[in-house]
Amino acid sequence: MPKDLYAILGLERSASKEDIKRAYRRLSKEHHPDRHKGDKAAEQKFKEVNEAYEVLHDDKKRAMYDQFGTTGGPAGSSGAGGGGSGPFGGFNFSGFNAEDLGGFGDLFESFFGGGGGRRGKRDQKGRDLQVEIAVEFADVVEGRDRSLTLERQRPCQKCGGSGAEEGTKQVTCRECGGTGEVTRTTQSFFGTFRQAAVCSACGGAGKTNEHPCKNCGGDGRVRSRDPVTIHIPAGMQDGQTLRVRGEGEAGVREAATGDLYVTVRVRPDPAFERDGDDIRTVVFIPVTSALLGTEIAIETVRESVTLKIPAGTQPGQVFRLKGKGMPVLNTSRFGDHYVTVNVEIPTRLSRAEQKLLEEWKKLRGA
Ligand SMILES: [Zn+2]
Ligand SMILES: [Zn+2]
């Protein structure tokens, strides 16, 4: 449940940095476990005080907390289900992960509704992977599946990711006694205090395998090289990144799998100049075609179409072929294809041509 960090330290929201330090110093002494041996309530209170201080004494974390605290969002959404579905689903929490917060990730997860029932396992989550692939221009015209081979941690086939040797059971973790947490002692300016951290032996699960799987050593995952098929959607631009959920590294013992981020480099096609979703090409026509009009075939990214050049077309005139450009990513729409018409002036004329043109000149009265 969300807690009011200011209330924990007995402070108002307007409290100064000094107030926060003073309150923390007083309360952490008051509830210090050394003074209350075996007193669970005091231990809990001590933990809360430390958590509150960890957030409030850091300007960045405090600003963050203040912002969410006043909107009432996280508190109201805590019952609304999993992380990401709340009002902050789109918020960027980078720089705010459990690691940055030391042992205090719990607290933030309780605010943001992220932790839920998977407490502790987050530290064992599989890493996200990042790769870059080159695709052909045609691949992003149609959209195409591409296969690539990745070396990564995948769930152990032998134990199914549990890390337990077949037919053996899980036993209470010896390291943490089944709580999934170990207490870390930290020296600080304010004296020695203890904070809880996820038990590394069991990854927070509180149980370890009596007989670890021989294939994966009990990790529940093995490093392997295997092919992954990635769908390159039509309309992707050079340098854009795709997120493929669940194709990162497997987590330890069935913890969440990371994601795969694929940055797509699109090889240019010399025949087409791409301008976002539009295509630009240049075509040369004889001067007579510009004067009299004609029809020419234009290769667009998908098909050949006929472009009508009206009589009297000027050099550099641009024609639009509507909907003949690139597919617009994640839609059924298409950009346009713009054709710039250049007029070829002959550099040499035959005697007959010259004669005709002289007559034409007279006709024009020029
Ligand atoms: Zn295994
Ligand atoms: Zn443990």
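Checking GLU48 against (1) modelled with pLDDT under 85; (2) part of a helix (DSSP H, G or I), which test does it fail?
Among (1) modelled with pLDDT under 85; (2) part of a helix (DSSP H, G or I), the lone unmet condition for GLU48 is (1).
Considering only the range 1-20, state which residues are without any contact (Cβ under 8 Å) to a residue 60 or more places away in the chain, over 23 Å from THR183 (Cβ atoms) and not β-branched (Val, Ile, Thr).
Within the range 1-20, TYR6, ALA7, GLY10, LEU11, GLU12, ARG13, SER14, ALA15, SER16, LYS17, GLU18, ASP19 qualify.
Restricting to the range 131-165, name every residue that is within 12 Å of ALA234 (Cβ to Cβ) and open to solvent by less than 60 Å² (accessible area, probe 1.4 Å).
Listed by number, the residues that qualify are VAL135, PHE137, ALA138, ASP139, VAL140, VAL141, GLY143.
For a quick check of your reading of the model, give me the residue pairs whose first member lies in the range 167-183 and is part of a strand (DSSP E or B), whose second is within 16 Å of ligand 1 (Cβ to nearest atom), with beta-carbon atoms closer than 6 Å and at least 6 apart or on different chains.
Going by the 6 Å Cβ cut-off, the qualifying pairs are GLN170/LYS207; GLN170/ASN209; VAL171/GLU210.
Among the residues that make up the range 306-321, is at least one of them of a type outside the set (Phe, Trp, Tyr) and within 20 Å of ALA138 (Cα to Cα)?
yes
I need the strands (runs of 3 or more DSSP E) fully contained in the range 231-300, keeping only those with at least 1 residues that are touching a His at 6+ places or on another chain (Cβ under 6 Å) and either modelled with pLDDT under 95 or not polar (S, T, N, Q) (or both).
It comes to 278-286.
Would you mind stating whether ALA255 is within 16 Å of ligand 2 (Cβ to nearest atom), in contact with a helix residue (DSSP H, G or I) (Cβ under 9 Å, 6 or more places away or on another chain), outside the structural domain of LEU27 (by TED's automatic domain parsing) and open to solvent by less than 90 Å² (accessible area, probe 1.4 Å)?
yes
Residues in the range 211-228: is at least one within 30 Å of PRO33 (Cα to Cα), open to solvent by less than 60 Å² (accessible area, probe 1.4 Å), not in a loop (DSSP other than H, G, I, E, B) and not hydrophobic (A, V, I, L, M, F, W, C)?
There is no residue in the range 211-228 that is within 30 Å of PRO33 (Cα to Cα), open to solvent by less than 60 Å² (accessible area, probe 1.4 Å), not in a loop (DSSP other than H, G, I, E, B) and not hydrophobic (A, V, I, L, M, F, W, C).
Suppose we keep only residues that are among the polar types (S, T, N, Q) and either part of a helix (DSSP H, G or I) or open to solvent by less than 90 Å² (accessible area, probe 1.4 Å) (or both) within the range 307-360. Which one would you say is farthest from VAL283 (Cα to Cα)?
Here the residue is THR331.
If you check GLU299 against the conditions, is it open to solvent by 40 Å² or more (accessible area, probe 1.4 Å) and in contact with a Phe, Trp or Tyr (Cβ under 9 Å, 6 or more places away or on another chain)?
yes
With the requirement that a residue be among the small types (Gly, Ala, Ser) and over 16 Å from GLU48 (Cβ atoms), what does the range 6-21 give you?
SER14, ALA15, SER16
The values are calculated or read from the model by the stated rules, or taken from the named source; none is laboratory data. Everything quoted here is computed from the prediction, not taken from an experiment. In this analysis, Cβ positions are derived from the backbone assuming ideal geometry, glycine residues included, and neighbour counts consider all displayed protein chains. Each accessible area value is taken on the protein alone, full model and side chains, heavy atoms only, with ligands, DNA and RNA left out. Shrake-Rupley method; radii C 1.70, N 1.55, O 1.52, S 1.80 Å.
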